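Structure in structure tokens, see below.
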4 protein chains.
Amino acid sequence: MEEIFTLLIDCSDEKGLIYKVTSVLYQSGCNIIRNDEYVSQEDVHFFMRSEFSGQSAMVHTVIAELKKVLPPDAHIRLSRKEKRNIVILVTKEHHCLSELLTRAHFNELNANILAVISNYDTLQNFTEKFNIPYQYVSHQDLSREAHEEKIVAAIKQYAPDYVVLAKYMRILTPAFVQEFENKIINIHHSFLPAFIGANPYRQAFERGVKIVGATAHFVNNQLDEGPIIAQSVIPVDHRQDAAEMALAGKDIEKYVLSNALRIVFDDKVFVNGNKTIVFD
Amino acid sequence: MEEIFTLLIDCSDEKGLIYKVTSVLYQSGCNIIRNDEYVSQEDVHFFMRSEFSGQSAMVHTVIAELKKVLPPDAHIRLSRKEKRNIVILVTKEHHCLSELLTRAHFNELNANILAVISNYDTLQNFTEKFNIPYQYVSHQDLSREAHEEKIVAAIKQYAPDYVVLAKYMRILTPAFVQEFENKIINIHHSFLPAFIGANPYRQAFERGVKIVGATAHFVNNQLDEGPIIAQSVIPVDHRQDAAEMALAGKDIEKYVLSNALRIVFDDKVFVNGNKTIVFD
Amino acid sequence: MEEIFTLLIDCSDEKGLIYKVTSVLYQSGCNIIRNDEYVSQEDVHFFMRSEFSGQSAMVHTVIAELKKVLPPDAHIRLSRKEKRNIVILVTKEHHCLSELLTRAHFNELNANILAVISNYDTLQNFTEKFNIPYQYVSHQDLSREAHEEKIVAAIKQYAPDYVVLAKYMRILTPAFVQEFENKIINIHHSFLPAFIGANPYRQAFERGVKIVGATAHFVNNQLDEGPIIAQSVIPVDHRQDAAEMALAGKDIEKYVLSNALRIVFDDKVFVNGNKTIVFD
Amino acid sequence: MEEIFTLLIDCSDEKGLIYKVTSVLYQSGCNIIRNDEYVSQEDVHFFMRSEFSGQSAMVHTVIAELKKVLPPDAHIRLSRKEKRNIVILVTKEHHCLSELLTRAHFNELNANILAVISNYDTLQNFTEKFNIPYQYVSHQDLSREAHEEKIVAAIKQYAPDYVVLAKYMRILTPAFVQEFENKIINIHHSFLPAFIGANPYRQAFERGVKIVGATAHFVNNQLDEGPIIAQSVIPVDHRQDAAEMALAGKDIEKYVLSNALRIVFDDKVFVNGNKTIVFD
């Protein structure tokens, strides 16, 4: 039985890598549908993504053969085309959450939303319309660490592939980030690295910029500093105050976040240090 | 004889200002072609731009009457539609200069380029093809202050309405800026306030952004901190190194700069503190 | 008691119109918050929109006084800031409908959705999650005219201010359009006037375009020919087939439609023949 | 001695093509720098572009080996990285020509401009500032065919790789197009297929669109119907008349044309029937 697979490889660059990988696929009777490669000149590192059709039984042979021909530092990931499992964290704003709930409901997200977790109950009724469990974990009377511990426990229940911060307005501790390394995706309401930190639209208004934007990125230890997956912008002008900029920005935020999730869930994104390589 | 005039007014806001201004214009037999107003809620300040046709003889009456009806803090500027006089400063990069020379040559800039001044002679031959004087003022063996003094002297010779920094890569002293307050327009090769300072494309590359941009702004004492006139962006991806981002950025820089000059020279831009109000 | 009003005027152009209108407002103690005007040179017609605060009791005087000073062909509309009542027509695609339902639910649409009417029951369950009535009016075994009659009757029940075609895939008869003149807003899935008619993404794919778009417009008798309110585009490339272009286009369609509705419901759009004047 | 080469292959698709091509390159000691492939599902055709470094002496072996392993319908093109030779045709508008002259002058075009040919002498003086020959071939008192014959003769003198129509406002006969098949690149001043034919900005103004654009395409027999290479757009509004839209459009036209030329001259564009495949 033929199935569609995605093969992700990264390793030190050397001559002949594309030949070697495609040779293994060809010998195993696989048919490449789409192939993308990139060599980062900074660290002389090779990245390759192959979408191919082949017999399921061939998977183990392919991986074994690849291991023989690739450099010892190679990461090899081979996955079936299937939905990712995600947990979404929110605070009070609905626009990113409602976008994701709607897309998932109509089968346009390539992910199962296992649960929505929040430090407020504001979006509970709305979430439950979509038959998705909502866990309200208030931070009241709790230290940051104690609250986060409860959030982590709540997330772990679901063992998600990714944690999506869809306007979760709490700062994360390094412990949290380490727990889900390269698995947390955040939407930041500015065109990073402009306006890092709180109230970016207020900052944008005060700086008098003519364009505002949004950034989806993986989260690492530094606030708003992780690898950028996608960005987009819209023009603004002097007539718009900070609140109106924020309103206009919401359309961009939900668009950028769902676009970033689409390419991550389709295995089109490599993380390389503090950057991403996107084969879209 | 009827002529076209532009009237710029700004003052503390109060009830009836549009009525009062248009009343004066109507009583003086002027016909408004285009009218724009804005009230900044932050500082309760009123801005108005009127383009109108009227008898030249009426100019003094209009100004005198406006002074009677407007608040005492009003700034009133009335100008004929005519070309501005400018001096352009450059270092070695040609793309913004060649754009301005070409537009001026074909009468598409709304400005007379009186001279090009540079700390290098790199662009001398090219500039002189357009019959524009080029002054080469080397900074070699000079202190920053001594060099700037020579540059200021060179500029003053021409008494320009505006000084355009078309990729002039020297940092200006506060003395220089004060000399030409709100008359210096700079093109910065990033989407400010991201990547302030040197080598913005290198910074952008290292941060792994997915969009780069350019910003035209008035220059004040703080480096890269003056009121923004225009901004624009283009998408980039992981395949582009810093040099390729810079190359792609040049198209945006020259577009943003010439667009900013167009609206400034058409009297469509008010400076309000660290922001601009643009009636385009 | 002070309230916010929007005044829309259009009439033959003549000298002094802004003065005359603002004079009436000033004499009536109203305070202009925002004012926009435009003269169409083609038909020498004047358009003005004023947002102002004033006593409710003043409304009748203002209108009576404006009638005295404005040309006899003037249209004068004065409205309170309040939500519009709308009915939405859909077929099977959810993306525009779900956008509008979500925005209305979170009070971000400036409209009450009175009902959703469709020739299919596909979106009934989803609509009812939002407690909005859904009327399923099948076209099966009915002539175009007979079906439309039932649709018109269903709409009329609700006496809406606007009828929104949120991917309603039936061609309307002139009778339908006349019934709701300048009150029907459609989202067309192409950058009009490119790809008029059916299957625009298929057409776009076959033409090999590098950009696709969406257009929101008022509907008049000619298919896809009414006054354009808003347009937006996204880049595509050879890798995307017609189905993928359509998927990418959905994000633009819902953005353009909700943006168009925002400006229409805020009384920022004049229709002038086959064009719109948008004061945004 | 190592050099950089670009290999372009297209042929009927079959299993193992990437493997076969990269195998030949690997056996010949070449090192792939960048590799792009695409299979058009419509006609089951394979396209591949490889940039690689290798010994010049290997070229003939590589081509011979590729011919052995590829399907009989394969087109194989192998080229050194070097400048293309072009002839530019213009009428009276300068903006695209001046962009290309400037870029070539500063070594940013990847092409040698061998000559500029025009049916007017309007741009002669300007062109000659750049030391480029200008041939004025008036169409006065000549039939279309007779004039074209002279133009063709003038072009052929230079044996250019490409003929660039940089706002050449004459309609070409099929004979002309056949003479330089897939070698003529035109800039059309609209977002094709909207506003085919004459006066697109007038058409855009009359239709009341909110966005205008430009399209660079290869020329084939049908007017404005050839394969699209690049497109871009800018927003416009009701304030802009046809002349102002045309002015705004010029910035987009010159940007789109020079971007299209960049990717064509870098061998990044395949023509496939009426479409292009662009590996940028």
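The values are calculated or read from the model by the stated rules, or taken from the named source; none is laboratory data. Remember, predicted model here, so these are calculated numbers, not experimental data. Backbone-built Cβ (ideal geometry, glycine too); neighbour counts: all protein chains shown. Side chains included, ligands, DNA and RNA excluded: accessible areas come from the protein's heavy atoms. Shrake-Rupley method; radii C 1.70, N 1.55, O 1.52, S 1.80 Å.
Would you pull out the residues with amide H under 5 Å of D:N272's amide H, same chain only if 5 or more places away, H placed 1.01 Å from N?
When sequence neighbours closer than 5 places are left aside, the close amide H contacts are D:I277.
So what is the 222 nm mean residue ellipticity for chain A from helices alone, if each DSSP H run of at least 4 adds -39500 (n - 2.57) and you divide by all residues, rounding to the nearest 500 deg cm²/dmol?
Working: 8 runs with 90 residues, N = 280.
That calculation yields -10000 deg cm²/dmol at 222 nm.
Taking the Cα-to-Cβ direction at A:E82 and at C:A159 and moving 7 Å from each Cα, how far apart do the two end points lie in nm?
5.7
Please give the residues from the stretch B:77-98 for which the solvent-accessible area of heavy atoms, probe 1.4 Å, is smaller by at least 20 Å² with all protein chains in place than with the chain isolated.
When all protein chains are present, B:H94 each give up 20 Å² or more of accessible surface.
Along each of the three principal axes of the Cα atoms of the stretch C:2-80, give the extent in whole Å, ordering the values from largest to smallest.
Dimensions of the stretch C:2-80 along the principal axes of its Cα atoms: 38, 23, 18 Å.
Mind checking the angle between helix A:144-156 and chain A's longest principal axis? C-alpha axes, 0 to 90 degrees, to the nearest 10.
50
Using a 1.4 Å probe on the heavy atoms of the protein chains only, list every residue of the stretch D:234-280 that has 40 Å² or more less accessible area in the complete assembly than in its chain alone.
D:H238, D:R239, D:D251, D:Y255, D:K275
For B:R80, place a label point 7 Å out from Cα along the Cα→Cβ vector, do the same in each other copy, and report the separations in nm, one decimal, smallest first.
Those separations, rounded to one decimal, come out as 5.3, 6.0, 8.1 nm.
Using alpha carbons only, what's the Rg to Rh ratio of the stretch D:94-170 with Rh from Kirkwood?
Working: Rg = 12.6 Å, Rh = 13.1 Å.
My calculation puts Rg/Rh at 0.96.
Here's a follow-up. For the stretch D:160-280, just the Cα atoms, rotate onto the principal axes and tell me the three extents in Å, largest first.
Projected onto its principal axes, the Cα set of the stretch D:160-280 covers 42, 32, 23 Å.
Just the accessible area for A:E244, please: 1.4 Å probe, Å², rounded to the nearest 10?
Near enough 90 Å² of accessible area.
Still on this structure, I have one more. Considering amide H positions built from the backbone, and no H for Pro or chain starts, which residues 5 or more places from D:Y134, or on another chain, come under 5 Å of its amide H?
Here the answer is D:V116, since their amide H atoms fall under 5 Å of that of D:Y134.
How many nm is it between the label spots at B:A57 and C:A198, if each spot is 7 Å from the Cα in line with the beta carbon?
Result: 7.0 nm between the two label points.
Next question, about the same structure. Would you calculate the separation in nanometres between label points at A:I4 and D:N125, each defined as 7 Å from the Cα along the Cα-to-beta-carbon direction?
6.2
With only alpha-carbon atoms in the gyration tensor, what are the semi-axes of the equivalent ellipsoid for the stretch C:1-159, in Å, largest first? All intermediate terms of the calculation are to be shown ahead of the outcome.
Working: eigenvalues 341, 78, 37 Å².
Value: 41, 20, 14 Å, ordered largest first.
Run through the other copies and list how far each one's label point is from that of B:S138, in nm with one decimal, shortest first; the point sits 7 Å from Cα along Cα-Cβ.
Distances to the matching label points in the other copies: 5.1, 7.5, 9.0 nm.
Separate question: Can you tell me what the convex hull of the Cα atoms of chain D projects to on average, as an area in nm²?
The Cα convex hull of chain D, projected and averaged over all directions, gives 16.7 nm².
Something else: In nm, what does the list of distances from A:Q27 to its counterparts in the other copies look like, shortest first, when each label sits 7 Å along Cα to Cβ?
1.6, 9.5, 9.6
Near the axis that takes chain C to chain A, which C residue has its beta carbon closest, and at how many Å?
In residue-and-Å form, the answer is C:K129, 2.
What angle do you read, to the nearest 10 degrees and between 0 and 90, between the alpha-carbon axis of helix C:95-105 and the longest principal axis of chain C?
Around 50 degrees separate the two axes.
Next question, about the same structure. Given charges of +1 on the Cβ of Lys and Arg and -1 on the Cβ of Asp and Glu, with all other atoms neutral, how large is the dipole of the protein assembly as shown about its Cα centre, in debye to the nearest 20?
Charge dipole of the protein assembly as shown: 0 debye, to the nearest 20.
So for the stretch C:182-223, what are the equivalent ellipsoid semi-axes in whole Å, largest first, each being the square root of 5 times an eigenvalue of the Cα gyration tensor?
Semi-axis lengths for the stretch C:182-223 are 22, 10, 7 Å.
Next question. Heavy-atom accessible area of B:K250 with all protein chains present, probe 1.4 Å, nearest 10 Å²?
Per-residue accessible area (B:K250): approximately 40 Å².
If you take the Cα Rg of the stretch A:125-207 and divide it by 2.2 N^0.38 Å, with N the number of residues, what do you get?
1.27
Further, regarding this structure: Of the residues A:V163, A:V152, A:V87, which exhibits the maximal mean-square fluctuation in a Gaussian network model of chain A defined by a 10 Å Cα contact cut-off?
Between A:V163, A:V152, A:V87, it is A:V152 that shows the largest mean-square fluctuation.
Continuing with the same structure: Give the accessible surface of the stretch C:84-278 per residue, rounded to a whole number of Å², with probe radius 1.4 Å and ligands, DNA and RNA excluded.
I get 37 Å² per residue for the stretch C:84-278.
Whole number in Å², please: accessible area per residue of the stretch B:2-80, 1.4 Å probe, ligands, DNA and RNA not counted.
Value for the stretch B:2-80: 43 Å² per residue.
So how much accessible surface do C and D hide from each other in total, probe 1.4 Å, in square angstrom to the nearest 100?
Rounded to the nearest hundred, the buried surface is 2800 Å².
Still on this structure: Would you mind estimating how fast the protein assembly as shown diffuses translationally, via Stokes-Einstein at 10 °C and 1.306 mPa s with the Kirkwood radius over Cα pairs, in µm²/s?
Translational diffusion coefficient: 49 µm²/s.
Could you work out how far helix C:17-27 tilts from the main Cα principal axis of chain C, as a 0 to 90 degree angle to the nearest 10?
70
In whole Å, what is the distance between the alpha-carbon centres of the stretch B:179-206 and the stretch D:224-272?
27
A follow-up question, please. Find out how many positive minus negative residues lie around C:G226, taking Lys and Arg as positive, Asp and Glu as negative, among other residues whose Cβ is under 12 Å from that of C:G226. Walk me through the intermediate numbers first.
On the way: positive: C:K183, C:K275, D:R207; negative: C:E181, C:D224, C:E225.
Charge balance in the 12 Å sphere: 0.
Whenever you get a sec, compute what percent of the accessible area on chain C sits on carbon and sulfur atoms (1.4 Å probe).
48
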